[in-house]
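First the structure, in the form of structure tokens, and then the observations on it.
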């Protein structure tokens, strides 16, 4: 997930920006959201999802477009994300950067993000100021002013973003390579931010076409969570957005990779301090019940300090600095189940990999005991309750489910988790978490050396099977 | 339109609240403050819309307490609380927490350390017992402490791959000639191997006392439960001797340039100098000034000049980090190697410009409106609220702070901004750190 630059204060979490919303995917759902959430569709096709929550005098207002890097094409990757940046460059009515300034002058916070599956914009502000963000969004949905000089400058910003996130971060770099290897047909092959060379190829015409294709009521939806009355909110929304021309709903089906029939391995040699190891197994998403079993597996492996990876690899064997597992439940197309680890200095990568594999094999061989399964279910349930404390997270949850399938299936999450049995876990681990179904990547650290410039935009694209 | 937030007393055994009056009522959480018999300050705020409770204890034992040669001791002491108690080993602690779906973390900072518990209402008593056990009966077992030292060393090594982190450490090392803010919170490669369980035990006995601590409790907990469940448990924690030897930071005088050569595509740059402490009366004027200069996200001058107009950076910002003692002021940015010189000079120009002429009426009004208007967002989750409450108490901001804050910000004038910019910014005397491919960056 690319968060387009709020005042970013150093200290990036090492690793993998795609996973910003991990916590959420492990915590989603509640009985009764169906009753509390109100959904309607305006006559121009704009879907509206509202959740009243008066715990603070605030509203978080989101507008999400059904477009992300999966809706791009070879040679023009990164287009959706560049467009996200350009959305702040003004309309006939507002000048460049007026959007952020106006929201901030109203005491609000705002940002935007692009993923493989969506582009989202939001502002969180005092409830009595919500009309301000609505006016701005209703204006820039149809009226964006895309100018060449803004585009040329903003493309430079995005290239700086890519250098910061990927080029100079060996772990992110490896993740990008891993995904390009695991996915050969489906658009998850390329990174959200795009290949450096593609960023150079994108033109203003490409942006205009992308904007006209996707930025319309038929390809977007609104989510508001916070301190409001839905009747009043809805009439505001109708008044503000109701007259925007509907546009055409775009086909969202994308080609899928055929089943994987053998392990793929890649390595990356780059200046780095410590190795990094990642395995990505091809798995189904929430459209398949096995995805929920994988949620439980992910928690068994890495939910809290009593989890198997932490207990075994960090505490007992003292092999790794950190180890983690992550499922891709809310991915629009089926994606990967990740297991990764950073070895401690001096620990052989092979030994770490063996230890990770032992934990995977254990899931296949031994049924999980009753108490451990109960523990994991408790954790998933409580983290759902905690996540409701934040208006922003509630809105993210509704919107991410809406993109992946429908916000209405949030209510299935906990019941489906509760139903998972030790036998399910063994079966699913045996079916998906096997070497033939994975891509394994290793970062081989080269000693840091001063001096030469690496070739510009060395995104390693030449290594990728087309 | 600016609201008047007025402080008002509430009936009850403790008196404080963030009352609020204005054209419309702005909901501010109600807060009770009391001092226990062992002098621990207890702040509570009830909010029962969700069935869980967040507790955060502030212990006045941040990394500023580290002795010379023992950098990282305060960090490891805080981490060490969770490594085992007189009754339970680390594994049992982890197991019990995860089974409740609770989280218990210690987070060691520069001024103070915190211990944070989030627990479902139904498990509150069990959670409290565990919280008090790790707080009052830690054993700092030798093997586990050794492992924690090794992990910290590895994390320090891994951080070498984060250019911004490398720049930050070099900046601090060069800005502070000596003093408690000079070293990284987690210690250094040199200091950590010398730290043992005895070091932690010593630091613990010296600083982990109720009379050095503040507890904030928010969420689904009633006044009655505070009285019957919390107070008796925490009052058993015996008072200790306070020992607060005053220590000062000694700042280097710039200008000075530090270049670190790496195979990178981007230069990570920090430009800065001495800042202020939290109690400095100019804090509010500085907040407004910095918002306009580089703290105000996309509305700041640095963002406008470096990113929006020229596309030279994805992130560029400035900040003060005021603590109990004066901290630093920093401008930070990342730009491709060959743009480093231009970006540095732009940043310096902006520091000079805000010293030369008053900011515009539009800019100052925008800053005031954001700072005042976004105030409620500082406490809109349990996690944010406990932090906010602890800071108000720890830095002595006063319990009329939410009301006072808007007045203080509102009263900052353009002349004040000019005055503090001239007084505190030193564009010509900066410590400049550049982590980059130096051949490409070509810094003088």
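Is it the case that residue A:136 is touching a residue at least 12 places away in the same chain (Cβ under 8 Å) and in a helix (DSSP H, G or I)?
yes
Check whether at least one residue in region A:143-152 is touching a residue at least 60 places away in the same chain (Cβ under 8 Å) and within 14 Å of chain B (Cβ to nearest Cβ), and report yes or no.
Scanning region A:143-152, I find at least one residue that is touching a residue at least 60 places away in the same chain (Cβ under 8 Å) and within 14 Å of chain B (Cβ to nearest Cβ), so the answer is yes.
For region A:143-157, does any single residue satisfy the condition of being surrounded by fewer than 24 Cβ atoms within 10 Å (Cβ to Cβ), assigned by TED's automatic domain parsing to the domain that holds residue A:228, at pLDDT below 95 and not in a helix (DSSP H, G or I)?
no
Failed condition for residue A:381, given (1) closer than 27 Å to residue A:59 by Cα; (2) surrounded by fewer than 22 Cβ atoms within 10 Å (Cβ to Cβ); (3) within 14 Å of chain B (Cβ to nearest Cβ); (4) touching a residue at least 60 places away in the same chain (Cβ under 8 Å), with all others met?
That leaves (4) as the condition not met.
For region A:57-70, what are the residues that are within 11 Å of another protein chain (Cβ to nearest Cβ) and surrounded by fewer than 24 Cβ atoms within 10 Å (Cβ to Cβ)?
Result: A:57, single match.
Out of curiosity, is residue A:390 surrounded by 17 or more Cβ atoms within 10 Å (Cβ to Cβ), out of contact with any helix residue (DSSP H, G or I) (no Cβ under 7 Å at 6 or more places or on another chain) and without any contact (Cβ under 8 Å) to a residue 24 or more places away in the chain? Quick ask: steps written out before the conclusion?
Details: surrounded by 17 or more Cβ atoms within 10 Å (Cβ to Cβ): yes; out of contact with any helix residue (DSSP H, G or I) (no Cβ under 7 Å at 6 or more places or on another chain): yes; without any contact (Cβ under 8 Å) to a residue 24 or more places away in the chain: yes.
The answer is yes for residue A:390.
Looking at (1) more than 30 Å from residue A:262 (Cα to Cα); (2) within 14 Å of another protein chain (Cβ to nearest Cβ), can you tell me which one residue A:170 breaks?
(1)
Scan region A:97-107 for residues that are facing another protein chain (nearest Cβ under 7 Å) and either in a loop (DSSP other than H, G, I, E, B) or more than 18 Å from residue A:59 (Cβ to Cβ) (or both) and report the count. Can you show your working first?
Step one: of region A:97-107, the residues facing another protein chain (nearest Cβ under 7 Å) are A:97, A:100-101, A:104-107.
Checking which are either in a loop (DSSP other than H, G, I, E, B) or more than 18 Å from residue A:59 (Cβ to Cβ) (or both) leaves us with A:97, A:101, A:106-107.
Going through region A:97-107 one residue at a time, the tally reaches 4.
Quick one: which residue in A:2, A:83, A:46, A:51 is surrounded by 19 or more Cβ atoms within 10 Å (Cβ to Cβ), within 30 Å of residue A:303 (Cβ to Cβ), touching a strand residue (DSSP E or B) at 6+ places or on another chain (Cβ under 8 Å) and modelled with pLDDT of 95 or more? Give the derivation first.
Working: A:2 fails: modelled with pLDDT of 95 or more; A:83 fails: within 30 Å of residue A:303 (Cβ to Cβ); A:46 fails: within 30 Å of residue A:303 (Cβ to Cβ).
That would be A:51, the only listed residue that is surrounded by 19 or more Cβ atoms within 10 Å (Cβ to Cβ), within 30 Å of residue A:303 (Cβ to Cβ), touching a strand residue (DSSP E or B) at 6+ places or on another chain (Cβ under 8 Å) and modelled with pLDDT of 95 or more.
Within region B:195-206, is there a residue that is closer than 30 Å to residue B:46 by Cα and modelled with pLDDT of 95 or more?
No.
Given the structure, is residue B:284 in contact with a helix residue (DSSP H, G or I) (Cβ under 7 Å, 6 or more places away or on another chain) and away from every other protein chain (no Cβ under 14 Å)?
For residue B:284, the condition - in contact with a helix residue (DSSP H, G or I) (Cβ under 7 Å, 6 or more places away or on another chain) and away from every other protein chain (no Cβ under 14 Å) - is met.
Give me a count of the residues in region B:30-53 that are more than 14 Å from chain A (Cβ to nearest Cβ), surrounded by fewer than 17 Cβ atoms within 10 Å (Cβ to Cβ) and at negative phi.
3
Considering only strands (runs of 3 or more DSSP E) fully contained in region A:183-299, which possess at least 2 residues that are in contact with a helix residue (DSSP H, G or I) (Cβ under 8 Å, 6 or more places away or on another chain) and closer than 30 Å to residue A:164 by Cα?
Counting at least 2 such residues, we get A:264-271, A:276-282.
Answer with yes or no whether residue B:83 is under 18 Å from the mean Cα position of the chain (by Cα) and touching a residue at least 12 places away in the same chain (Cβ under 8 Å).
Here the answer is no, as residue B:83 does not meet what is asked.
Which residues, counting only those in region A:114-128, are more than 15 Å from residue A:71 (Cα to Cα) and assigned to a strand (DSSP E or B)?
Filtering region A:114-128 for residues more than 15 Å from residue A:71 (Cα to Cα) gives A:121-128.
Residues satisfying the conditions are A:121, A:122, A:123, A:124, A:125, A:126.
Of all residues in region B:388-435, how many are in contact with a strand residue (DSSP E or B) (Cβ under 8 Å, 6 or more places away or on another chain) and farther than 17 Å from residue B:349 by Cβ?
Residues flagged as in contact with a strand residue (DSSP E or B) (Cβ under 8 Å, 6 or more places away or on another chain) and farther than 17 Å from residue B:349 by Cβ within region B:388-435 amount to 10.
With respect to the numbered conditions (1) under 21 Å from the mean Cα position of the chain (by Cα); (2) over 30 Å from residue A:323 (Cα atoms), which one is the sole condition not fulfilled by residue B:205?
(1) is the only condition that residue B:205 fails.
With (1) more than 30 Å from residue B:227 (Cα to Cα); (2) at pLDDT below 95 as the list, and residue B:108 as the residue in question, which single condition is left unmet?
Every listed condition holds for residue B:108 apart from (1).
Looking at region A:367-377, which of the residues that are touching a residue at least 60 places away in the same chain (Cβ under 8 Å) and under 17 Å from residue A:427 (Cα atoms) is nearest to the other protein chains (Cβ to nearest Cβ)?
A:373
Go through region B:73-171 and tell me which helices (runs of 4 or more DSSP H), entirely inside it, have 3 or more residues that are at the interface with chain A (Cβ under 9 Å from one of its Cβ atoms) and crowded, with 20+ Cβ neighbours inside 10 Å.
B:90-100, B:142-159
The values are calculated or read from the model by the stated rules, or taken from the named source; none is laboratory data. Here the structure is a predicted model, which is why all the values come from computation and not from measurement. Cβ sites come from the backbone with ideal geometry, for glycine too, and all protein chains shown count toward neighbours.
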